[in-house]
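Below is one structure, written out as structure tokens; the observations come after it.
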Amino acid sequence: MSGPRVVVFPSVAELGSTLAQLVSSRAEKALSTGESFSLGLSGGSLVSILSKELPAVPSLDCSRWLIGFCDERLVPFRDPESTYGLYKSQLFEKINIPEDRILAIDPSLPVQECADDYAGKLSKAFNTEQIPVFDMLLLGMGPDGHTCSLFPDHPLLQESHRTVAPISDSPKPPSQRVTMTLPTVNAARCVVFVTTGGSKAPVLKQVLEGGEGPALPAALVAPGRGELFWLVDEPAAASLTSQVERPGPGAKL
Ligand SMILES: O=C1O[C@H](COP(=O)(O)O)[C@@H](O)[C@H](O)[C@H]1O
């Protein structure tokens with residue numbers, strides 16, 4: 001893998017528009033040679049950014065997309081903390097993604113069984129007992145450097161076999177979640193972090209430019225054979241001293 005491409009935007013709106021174009025272009029590429037375009041979604045601030053900009057892509061056809069979740073909270077879909085629930089109301093109702101091509105957890109199950117059930121859904125959809133290889137994963141990063149539901153100093157960072165795992169002690173509520181593991185994240189063909197806001201500036205510098213102590217979860221994302229993008233806005237990039245890209249308006253990545 002070549003190094004990450006760190007792309008800085010003057011505003012979240014311009015970042016979101018380029019993100020939508022990147023998703024659409026990778027979908028076109030996947031569908032030009034394959035049956036589907038597999039996309040993993042994260043929650044948090046990504047939901048509103050993606051939901052605002054993706055439906056605006058001209059002639060977007062999501063009928064052969066396959067949607068998974070990079071992580072999910074173990075709450076009912078109607079709960080405002082449910083990532084699936086937020087995407088259902090903000091995005092899925094605006095694009096033509098068939099319901100049966102959205103791989104959601106079953107939140108009625110206990111957390112271990114829920115993770116096993118979700119891993120089984122991925123295994124069936126990707127027709128593999130090995131690691132599912134997503135065409136694209138969209139990740140966020142918390143102010144503590146967590147990504148998916150992989151948190152600093154958590155034993156799950158050492159997971160090397162399971163594709164999906166339960167967590168019951170998330171330091172960020174809700175405490176019970178299901179998350180992709182690093183082997184699954186790092187198997188993807190393209191991983192895109194979306195990080196905005198000045199509160200992320202210190203941790204973004206630590207993740208991209210190194211710092212004290214063990215590597216933070218977001219710093220452990222290094223797709224073995226895939227692309228890695230960091231799409232960030234100026235406030236989040238404020239502490240960076242390493243090389244970044246600042247594309248002109250409407251530039252394509
Ligand atoms: O709890 C979570 O946090 C991360 C980061 O969210 P952000 O709002 O700081 O971007 C998110 O990527 C993850 O999916 C979510 O479960």
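The values are calculated or read from the model by the stated rules, or taken from the named source; none is laboratory data. Since this is a predicted model, take the numbers as computed values, not measurements. Neighbour counts are summed over all protein chains in view; Cβ atoms, including those assigned to glycine, are modelled from backbone coordinates with ideal geometry. Heads up: the accessible areas ignore ligands, DNA and RNA and are worked out on the full protein's heavy atoms, side chains in. Shrake-Rupley method; radii C 1.70, N 1.55, O 1.52, S 1.80 Å.
Asp135 passes every criterion in (1) more than 24 Å from Leu228 (Cα to Cα); (2) of a type in the set (D, E, K, R); (3) open to solvent by 20 Å² or more (accessible area, probe 1.4 Å) apart from (1).
For the range 176-186, the condition holds for no residue, the condition being that it is open to solvent by 60 Å² or more (accessible area, probe 1.4 Å) and either within 23 Å of Val232 (Cα to Cα) or not in a loop (DSSP other than H, G, I, E, B) (or both). Condition check for Ser45 on (1) under 21 Å from Val178 (Cα atoms); (2) touching a residue at least 24 places away in the same chain (Cβ under 8 Å); (3) open to solvent by less than 20 Å² (accessible area, probe 1.4 Å): one failure, at (3). One residue stands out among those in the range 70-104 that are touching a residue at least 60 places away in the same chain (Cβ under 8 Å) and within 16 Å of the ligand (Cβ to nearest atom): the one that is nearest to Thr184 (Cα to Cα), which is Cys70. Residue count for the range 236-253 satisfying the condition of being buried (at least 19 other Cβ atoms within 10 Å of the Cβ) and out of contact with any Lys or Arg (no Cβ under 8 Å at 6 or more places or on another chain): 1.
The sole residue among Asp169, Asp144 that is part of a loop (DSSP other than H, G, I, E, B), surrounded by fewer than 22 Cβ atoms within 10 Å (Cβ to Cβ) and within 13 Å of the ligand (Cβ to nearest atom) is Asp144.
Hey, any hits in the range 12-35 for a residue that's part of a loop (DSSP other than H, G, I, E, B), touching a Gly at 6+ places or on another chain (Cβ under 9 Å) and closer than 24 Å to Ser82 by Cβ? Reasoning before the result, please.
Initial filter on the range 12-35 (part of a loop (DSSP other than H, G, I, E, B)): 34-35.
Among the residues that remain, those that are also touching a Gly at 6+ places or on another chain (Cβ under 9 Å) are: none.
No.
Within the set Val194, Val203, the sole residue that is more than 22 Å from Phe134 (Cβ to Cβ), buried (at least 19 other Cβ atoms within 10 Å of the Cβ) and in contact with a helix residue (DSSP H, G or I) (Cβ under 9 Å, 6 or more places away or on another chain) turns out to be Val203. Looking at Pro152, Pro249, Pro183, Pro235, just one residue is modelled with pLDDT under 95 and over 21 Å from Ser82 (Cα atoms), and that residue is Pro249.
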